[in-house]
Amino acid sequence: MRKKTARTERDSGVQDTVVLATLKVIGRMGLAGVTHRAVADEAGLSLGAVTYYCRTRDDLVDAALQSAVDREARRLEALSARLKQDDFTTAPQWIEHLGRWYADELKDNADVHLACYEAFLAAARSEKHQQKVAALQQAWERTAEVALTAAGISSAADRAGIFVAALMGILLEELALPRRGTFARVSSKLTRLIEGWT
């Protein structure tokens, strides 16, 4: 394990390192795998540094899940803003962009997305996680509604929830069964879903 100086451990970036390491642990081992020692080993930090920023295991889990949810919500809001600027005017354009976006995401940031699903499971077991999960769900549905509207889909508000439910299931399958061709599969399934939604 790479040693850190006390000065480095006090740096503001250490907290981000702790959160990212916790996400990686969650991605590999689930919430049950989160311990201060596991996070310290993943981050290359001393146990004391991790404990300083997150005193309890629940603090580690909460910070990591909140970070994953916040990150995804910010990215969805950015995509929504692009859609409002008419970058995508047809459903195929949007589906292609979304497919490529998530194919890259699942390749490079699978841990973060696994943590989002862990957040949903945590919310099913504890009310304290429900607010953050509800915020993420709302961000997904807002973005889907904007996109469906921009693509000329009728009843976009009603269909946004259906689209998001399908997308979440598709992405979960890709995470559970990683293989080549993610973009083609995601795009094909989403395209088939919205066929006839005019």
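Read-outs: derived from the displayed coordinates by stated rules, not from any lab. All figures in this text were calculated on a predicted structure; none of them were measured in a lab. Positions of Cβ are backbone-derived with ideal geometry, glycine not excepted, and every protein chain shown enters the neighbour counts.
Summary table below
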{"read-out": "Scope the range 121-136; condition under 15 Å from the mean Cα position of the chain (by Cα) and surrounded by fewer than 18 Cβ atoms within 10 Å (Cβ to Cβ); matching residues", "value": "121, 134, 135"}
{"read-out": "Among (1) out of contact with any helix residue (DSSP H, G or I) (no Cβ under 6 Å at 6 or more places or on another chain); (2) over 30 Å from residue 148 (Cβ atoms); (3) surrounded by fewer than 19 Cβ atoms within 10 Å (Cβ to Cβ), the one test that residue 82 misses", "value": "(2)"}
{"read-out": "Residues of the range 166-177 classified as over 14 Å from the mean Cα position of the chain (by Cα), in a helix (DSSP H, G or I) and surrounded by fewer than 15 Cβ atoms within 10 Å (Cβ to Cβ), total", "value": "2"}
{"read-out": "Tally of residues being on the phi < 0 side of the Ramachandran plot, free of Cβ contacts under 8 Å to residues at least 60 places away in the same chain and not aliphatic (A, V, I, L, M) across the range 142-159", "value": "5"}
{"read-out": "Among (1) buried (at least 18 other Cβ atoms within 10 Å of the Cβ); (2) in contact (Cβ under 8 Å) with a residue 60 or more places away in the chain; (3) touching a Leu at 6+ places or on another chain (Cβ under 7 Å) - the single one residue 40 does not satisfy", "value": "(2)"}
{"read-out": "Single residue of 100, 37, 28, 74 found to be touching a Phe, Trp or Tyr at 6+ places or on another chain (Cβ under 8 Å) and assigned to a helix (DSSP H, G or I)", "value": "100"}
{"read-out": "Residues of the range 106-131 that turn out to be touching a residue at least 12 places away in the same chain (Cβ under 8 Å) and of a type in the set (Ser, Thr, Tyr), as a count", "value": "1"}
